[in-house]
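The values are calculated or read from the model by the stated rules, or taken from the named source; none is laboratory data. From a predicted model like this one, the values you see are computed outputs, not experimental measurements. In this analysis, Cβ positions are derived from the backbone assuming ideal geometry, glycine residues included, and neighbour counts consider all displayed protein chains. With ligands, DNA and RNA removed, areas are computed over all heavy atoms of the protein, side chains included. Shrake-Rupley method; radii C 1.70, N 1.55, O 1.52, S 1.80 Å.
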Amino acid sequence: MESKEEDVNLGANKFSERQPIGTAAQSQDKDYTEPPPEPLFVASELTSWSFYRAGIAEFIATFLFLYVSILTVMGVNKSDSKCSTVGIQGIAWAFGGMIFALVYCTAGISGGHINPAVTFGLFLARKLSLTRALYYMVMQCLGAICGAGVVKGFGKTLYQTKGGGANVVAHGYTKGDGLGAEIVGTFVLVYTVFSATDAKRSARDSHVPILAPLPIGFAVFLVHLATIPITGTGINPARSLGAAIIYNKDHAWDDHWIFWVGPFIGAALAALYHVVVIRAIPFKSK
(Lines give C-alpha, C1' and ligand atoms only; values in the text may rest on other atoms or scores of the structure.)
Protein backbone atom coordinates (compact mmCIF):
# COMPACT_ATOMS: atom_id res chain seq x y z
CA MET A 1 0.00 0.00 0.00
CA GLU A 2 2.77 2.42 0.88
CA SER A 3 4.48 1.88 -2.47
CA LYS A 4 1.20 2.59 -4.29
CA GLU A 5 0.73 5.81 -2.34
CA GLU A 6 4.26 6.87 -3.26
CA ASP A 7 3.51 6.20 -6.93
CA VAL A 8 0.35 8.32 -6.74
CA ASN A 9 2.20 11.18 -5.07
CA LEU A 10 4.97 10.98 -7.63
CA GLY A 11 2.48 11.16 -10.47
CA ALA A 12 0.61 14.07 -8.90
CA ASN A 13 3.83 16.05 -8.51
CA LYS A 14 5.10 15.23 -11.97
CA PHE A 15 1.93 16.08 -13.87
CA SER A 16 0.33 19.23 -12.57
CA GLU A 17 -3.43 19.51 -12.97
CA ARG A 18 -3.19 23.23 -13.53
CA GLN A 19 -2.11 23.95 -17.06
CA PRO A 20 -1.17 27.51 -18.08
CA ILE A 21 -3.83 29.41 -19.97
CA GLY A 22 -4.02 32.71 -21.82
CA THR A 23 -0.80 34.68 -22.12
CA ALA A 24 0.96 32.26 -19.77
CA ALA A 25 0.43 29.45 -22.26
CA GLN A 26 1.57 31.64 -25.14
CA SER A 27 4.89 32.26 -23.45
CA GLN A 28 5.81 28.58 -23.71
CA ASP A 29 7.54 28.67 -27.08
CA LYS A 30 9.30 25.31 -26.75
CA ASP A 31 12.52 26.79 -28.15
CA TYR A 32 10.69 28.11 -31.21
CA THR A 33 12.74 30.34 -33.49
CA GLU A 34 11.30 32.43 -36.29
CA PRO A 35 12.27 30.94 -39.67
CA PRO A 36 14.01 33.32 -42.11
CA PRO A 37 11.86 34.77 -44.91
CA GLU A 38 11.88 32.90 -48.18
CA PRO A 39 14.01 34.49 -50.92
CA LEU A 40 12.26 35.90 -53.97
CA PHE A 41 13.96 33.51 -56.34
CA VAL A 42 15.36 30.06 -55.61
CA ALA A 43 17.12 28.69 -58.68
CA SER A 44 17.43 25.19 -57.22
CA GLU A 45 13.63 24.88 -57.13
CA LEU A 46 13.50 24.73 -60.91
CA THR A 47 15.54 21.54 -60.94
CA SER A 48 13.70 19.85 -58.09
CA TRP A 49 10.98 17.26 -58.67
CA SER A 50 9.26 18.30 -55.44
CA PHE A 51 8.69 21.75 -56.98
CA TYR A 52 6.87 20.36 -60.02
CA ARG A 53 5.08 17.73 -57.95
CA ALA A 54 3.67 20.51 -55.77
CA GLY A 55 2.38 22.35 -58.83
CA ILE A 56 0.72 19.20 -60.15
CA ALA A 57 -0.92 18.71 -56.75
CA GLU A 58 -2.29 22.27 -56.91
CA PHE A 59 -3.61 21.62 -60.43
CA ILE A 60 -5.41 18.40 -59.48
CA ALA A 61 -6.78 19.87 -56.25
CA THR A 62 -8.20 22.95 -57.99
CA PHE A 63 -9.58 20.77 -60.78
CA LEU A 64 -11.46 18.62 -58.27
CA PHE A 65 -12.58 21.68 -56.33
CA LEU A 66 -14.20 23.25 -59.39
CA TYR A 67 -15.63 19.96 -60.58
CA VAL A 68 -17.53 19.19 -57.37
CA SER A 69 -18.50 22.76 -56.42
CA ILE A 70 -19.69 23.92 -59.87
CA LEU A 71 -21.53 20.66 -60.44
CA THR A 72 -23.34 21.29 -57.15
CA VAL A 73 -24.25 24.81 -58.29
CA MET A 74 -25.63 23.41 -61.56
CA GLY A 75 -27.71 20.87 -59.67
CA VAL A 76 -29.32 23.62 -57.62
CA ASN A 77 -29.84 26.02 -60.53
CA LYS A 78 -31.50 23.48 -62.82
CA SER A 79 -34.37 22.96 -60.37
CA ASP A 80 -37.40 25.25 -60.42
CA SER A 81 -37.67 25.05 -56.65
CA LYS A 82 -34.65 25.41 -54.36
CA CYS A 83 -36.56 23.43 -51.73
CA SER A 84 -36.12 20.27 -53.80
CA THR A 85 -32.34 20.69 -53.87
CA VAL A 86 -29.54 21.19 -51.38
CA GLY A 87 -30.01 24.95 -51.78
CA ILE A 88 -27.54 27.66 -50.81
CA GLN A 89 -26.54 25.74 -47.69
CA GLY A 90 -25.63 22.75 -49.82
CA ILE A 91 -23.57 24.88 -52.19
CA ALA A 92 -21.73 26.39 -49.25
CA TRP A 93 -21.06 22.91 -47.85
CA ALA A 94 -19.78 21.73 -51.24
CA PHE A 95 -17.24 24.55 -51.40
CA GLY A 96 -16.22 24.35 -47.76
CA GLY A 97 -16.20 20.56 -47.62
CA MET A 98 -14.05 20.22 -50.71
CA ILE A 99 -11.54 22.74 -49.38
CA PHE A 100 -11.40 20.79 -46.11
CA ALA A 101 -10.77 17.51 -47.92
CA LEU A 102 -8.32 18.88 -50.48
CA VAL A 103 -6.26 20.88 -47.99
CA TYR A 104 -5.98 17.73 -45.90
CA CYS A 105 -4.83 15.75 -48.95
CA THR A 106 -2.33 18.23 -50.39
CA ALA A 107 -1.00 20.16 -47.38
CA GLY A 108 2.02 17.90 -47.07
CA ILE A 109 2.91 18.26 -50.75
CA SER A 110 2.22 21.85 -51.79
CA GLY A 111 0.77 23.44 -48.67
CA GLY A 112 -2.78 23.01 -50.00
CA HIS A 113 -3.34 26.55 -51.28
CA ILE A 114 -5.89 25.79 -54.06
CA ASN A 115 -6.40 29.57 -54.36
CA PRO A 116 -4.22 32.32 -55.88
CA ALA A 117 -5.32 34.71 -53.13
CA VAL A 118 -4.01 32.33 -50.45
CA THR A 119 -0.77 31.94 -52.40
CA PHE A 120 -0.50 35.72 -52.75
CA GLY A 121 -1.04 36.29 -49.03
CA LEU A 122 1.56 33.70 -48.06
CA PHE A 123 3.98 35.21 -50.58
CA LEU A 124 3.57 38.68 -49.06
CA ALA A 125 4.34 37.14 -45.65
CA ARG A 126 7.47 35.65 -47.26
CA LYS A 127 6.34 32.08 -46.67
CA LEU A 128 7.23 31.03 -50.21
CA SER A 129 9.31 32.33 -53.10
CA LEU A 130 8.03 34.41 -56.00
CA THR A 131 8.94 31.56 -58.34
CA ARG A 132 6.77 29.10 -56.48
CA ALA A 133 3.94 31.61 -56.00
CA LEU A 134 3.67 32.34 -59.73
CA TYR A 135 3.91 28.65 -60.60
CA TYR A 136 1.16 27.77 -58.14
CA MET A 137 -1.14 30.49 -59.48
CA VAL A 138 -0.74 29.30 -63.07
CA MET A 139 -1.41 25.68 -62.13
CA GLN A 140 -4.42 26.65 -60.01
CA CYS A 141 -5.97 28.61 -62.88
CA LEU A 142 -5.37 25.78 -65.35
CA GLY A 143 -6.91 23.27 -62.95
CA ALA A 144 -9.96 25.49 -62.45
CA ILE A 145 -10.49 25.87 -66.21
CA CYS A 146 -10.31 22.11 -66.70
CA GLY A 147 -12.66 21.43 -63.79
CA ALA A 148 -15.31 23.83 -65.08
CA GLY A 149 -14.82 22.42 -68.59
CA VAL A 150 -15.64 18.89 -67.44
CA VAL A 151 -18.84 20.14 -65.77
CA LYS A 152 -19.86 21.86 -69.01
CA GLY A 153 -19.18 18.60 -70.84
CA PHE A 154 -21.92 16.89 -68.81
CA GLY A 155 -24.54 19.27 -70.19
CA LYS A 156 -23.60 22.20 -72.40
CA THR A 157 -27.13 23.60 -72.72
CA LEU A 158 -27.79 23.43 -68.98
CA TYR A 159 -24.40 24.97 -68.24
CA GLN A 160 -24.91 27.90 -70.60
CA THR A 161 -28.51 28.63 -69.59
CA LYS A 162 -27.98 28.36 -65.83
CA GLY A 163 -25.03 30.70 -65.44
CA GLY A 164 -22.19 28.18 -65.51
CA GLY A 165 -21.33 28.90 -61.90
CA ALA A 166 -19.74 32.18 -62.98
CA ASN A 167 -19.38 34.93 -60.37
CA VAL A 168 -21.33 38.12 -61.00
CA VAL A 169 -22.61 40.92 -58.76
CA ALA A 170 -26.29 40.19 -58.07
CA HIS A 171 -29.06 42.61 -58.97
CA GLY A 172 -29.68 45.13 -56.22
CA TYR A 173 -26.00 45.37 -55.29
CA THR A 174 -23.41 47.79 -56.64
CA LYS A 175 -19.93 46.93 -57.85
CA GLY A 176 -18.65 48.52 -54.64
CA ASP A 177 -20.81 46.12 -52.62
CA GLY A 178 -19.40 43.19 -54.54
CA LEU A 179 -15.83 44.39 -54.12
CA GLY A 180 -16.32 44.90 -50.38
CA ALA A 181 -17.84 41.43 -49.98
CA GLU A 182 -14.89 39.86 -51.78
CA ILE A 183 -12.34 41.79 -49.73
CA VAL A 184 -13.87 40.89 -46.37
CA GLY A 185 -14.62 37.30 -47.39
CA THR A 186 -11.06 36.69 -48.56
CA PHE A 187 -9.70 38.37 -45.43
CA VAL A 188 -11.63 35.85 -43.31
CA LEU A 189 -10.26 32.95 -45.35
CA VAL A 190 -6.61 34.03 -45.49
CA TYR A 191 -6.60 35.13 -41.85
CA THR A 192 -7.84 31.65 -40.96
CA VAL A 193 -5.14 30.06 -43.12
CA PHE A 194 -2.42 32.05 -41.32
CA SER A 195 -3.81 31.19 -37.91
CA ALA A 196 -4.37 27.50 -38.67
CA THR A 197 -0.89 27.01 -40.10
CA ASP A 198 1.08 29.25 -37.74
CA ALA A 199 4.42 27.53 -37.15
CA LYS A 200 4.70 28.99 -33.65
CA ARG A 201 1.36 27.52 -32.62
CA SER A 202 2.38 24.19 -34.15
CA ALA A 203 5.54 24.20 -32.03
CA ARG A 204 3.46 24.79 -28.89
CA ASP A 205 0.44 22.62 -29.72
CA SER A 206 1.13 19.47 -31.73
CA HIS A 207 -2.54 19.10 -32.71
CA VAL A 208 -2.64 22.40 -34.63
CA PRO A 209 -1.25 21.16 -37.99
CA ILE A 210 -3.51 18.10 -37.87
CA LEU A 211 -6.63 20.21 -37.41
CA ALA A 212 -5.61 22.96 -39.87
CA PRO A 213 -7.87 21.84 -42.79
CA LEU A 214 -10.99 21.96 -40.59
CA PRO A 215 -11.07 25.70 -39.74
CA ILE A 216 -9.99 26.57 -43.28
CA GLY A 217 -12.84 24.59 -44.82
CA PHE A 218 -15.28 25.93 -42.24
CA ALA A 219 -14.22 29.51 -43.03
CA VAL A 220 -14.97 28.90 -46.72
CA PHE A 221 -18.37 27.46 -45.79
CA LEU A 222 -19.33 30.44 -43.62
CA VAL A 223 -18.17 33.03 -46.14
CA HIS A 224 -20.24 31.34 -48.84
CA LEU A 225 -23.33 31.41 -46.64
CA ALA A 226 -22.88 35.16 -46.22
CA THR A 227 -21.94 36.26 -49.73
CA ILE A 228 -23.54 33.84 -52.20
CA PRO A 229 -26.52 36.23 -52.48
CA ILE A 230 -24.16 39.13 -53.30
CA THR A 231 -21.50 37.80 -55.68
CA GLY A 232 -21.98 34.05 -55.74
CA THR A 233 -18.82 34.13 -53.57
CA GLY A 234 -15.54 34.20 -55.36
CA ILE A 235 -12.74 34.67 -52.76
CA ASN A 236 -10.70 32.56 -55.18
CA PRO A 237 -9.56 34.13 -58.48
CA ALA A 238 -8.86 30.73 -60.05
CA ARG A 239 -12.40 29.55 -59.30
CA SER A 240 -13.85 32.74 -60.81
CA LEU A 241 -11.58 32.62 -63.85
CA GLY A 242 -12.25 28.97 -64.63
CA ALA A 243 -16.03 29.41 -64.56
CA ALA A 244 -15.88 32.69 -66.54
CA ILE A 245 -13.72 31.24 -69.33
CA ILE A 246 -15.87 28.14 -69.80
CA TYR A 247 -19.16 30.06 -69.48
CA ASN A 248 -17.82 32.94 -71.63
CA LYS A 249 -20.75 35.36 -71.60
CA ASP A 250 -20.30 39.14 -71.64
CA HIS A 251 -22.01 39.77 -68.30
CA ALA A 252 -19.65 37.30 -66.62
CA TRP A 253 -16.68 39.40 -67.73
CA ASP A 254 -18.21 42.79 -66.84
CA ASP A 255 -17.56 42.32 -63.11
CA HIS A 256 -14.69 39.85 -63.38
CA TRP A 257 -12.07 42.34 -62.18
CA ILE A 258 -13.82 42.39 -58.81
CA PHE A 259 -12.96 38.72 -58.28
CA TRP A 260 -9.25 39.40 -58.68
CA VAL A 261 -8.88 42.81 -57.07
CA GLY A 262 -11.10 41.98 -54.07
CA PRO A 263 -9.41 38.69 -53.11
CA PHE A 264 -5.92 40.09 -53.57
CA ILE A 265 -6.69 43.13 -51.39
CA GLY A 266 -8.29 40.88 -48.76
CA ALA A 267 -5.29 38.54 -48.80
CA ALA A 268 -2.85 41.45 -48.49
CA LEU A 269 -4.75 42.86 -45.52
CA ALA A 270 -4.85 39.45 -43.83
CA ALA A 271 -1.09 38.99 -44.34
CA LEU A 272 -0.41 42.46 -42.94
CA TYR A 273 -2.67 41.87 -39.94
CA HIS A 274 -1.10 38.51 -39.13
CA VAL A 275 2.52 39.63 -39.50
CA VAL A 276 2.25 43.08 -37.87
CA VAL A 277 -0.53 42.71 -35.29
CA ILE A 278 -0.88 39.03 -34.40
CA ARG A 279 2.78 38.04 -34.57
CA ALA A 280 4.34 41.54 -34.31
CA ILE A 281 7.31 40.25 -36.30
CA PRO A 282 8.59 43.71 -37.42
CA PHE A 283 8.82 44.80 -33.77
CA LYS A 284 10.74 41.83 -32.43
CA SER A 285 14.36 42.39 -31.48
CA LYS A 286 16.88 40.82 -33.80
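Can you list the trypsin sites (Lys or Arg not before Pro) in the stretch 59-134 that are in a DSSP coil and have 15 or fewer other beta carbons within 10 angstrom? All intermediate terms of the calculation are to be shown ahead of the outcome.
Working: sites: Lys78, Lys82, Arg126, Lys127, Arg132; in loops: Lys78, Arg126, Lys127.
Within the stretch 59-134, the qualifying trypsin sites (Lys or Arg not before Pro) (loop, at most 15 other Cβ atoms within 10 Å) are Lys78.
If I model a spin label as a point 7 Å beyond the Cα along the Cα-Cβ vector, how far apart are those points for Tyr52 and Asn248 in nm?
Label-label distance for Tyr52 and Asn248, simple model: 3.0 nm.
Rank Ala267, Ala252, Ala280 by how far each Cα sits towards the positive end of the charge dipole of the stretch 239-286 (+1 on Lys, Arg Cβ; -1 on Asp, Glu Cβ) and give me just the farthest.
With unit charges placed on the Cβ atoms, the residue in question is Ala280.
When a/c reaches 1.5 or more, the comparison of a/b and b/c decides; with that in mind, is the stretch 143-286 rounded, prolate or oblate per its Cα gyration tensor?
prolate
Accessible area per residue for the stretch 140-286 in Å², computed with a 1.4 Å probe and the full protein assembly in place, what is it?
44 Å²
Starting from the residue with the highest accessible area, list Asp198, Asp80, Asp254 in decreasing order, probe 1.4 Å.
Correct descending sequence by accessible area is Asp80, Asp254, Asp198.
At q = 0.28 Å⁻¹, what is the base-10 log of I(q)/I(0) for the stretch 108-171 according to the Debye formula with one equal point scatterer per Cα and no solvent? Please give it to two decimals.
-1.12
Run through every distinct alpha carbon pair of the stretch 99-140 and return the Kirkwood hydrodynamic radius in angstroms, one decimal place.
Details: mean 1/r = 0.0977 Å⁻¹.
Here the Kirkwood hydrodynamic radius works out to 10.2 Å.
Can you tell me, using C-alpha contacts under 8 Å and at least 6 residues apart, the relative contact order of the stretch 50-139 as a whole percent?
Relative CO of the stretch 50-139 lands at 38 percent.
Over the stretch 128-261, what percent of the accessible surface lies on carbon and sulfur atoms, probe 1.4 Å? Could the numbers behind the result be given before it?
Numbers: 3770 of 5480 Å².
Summing carbon and sulfur atoms, their accessible area is 69 percent of the total for the stretch 128-261.
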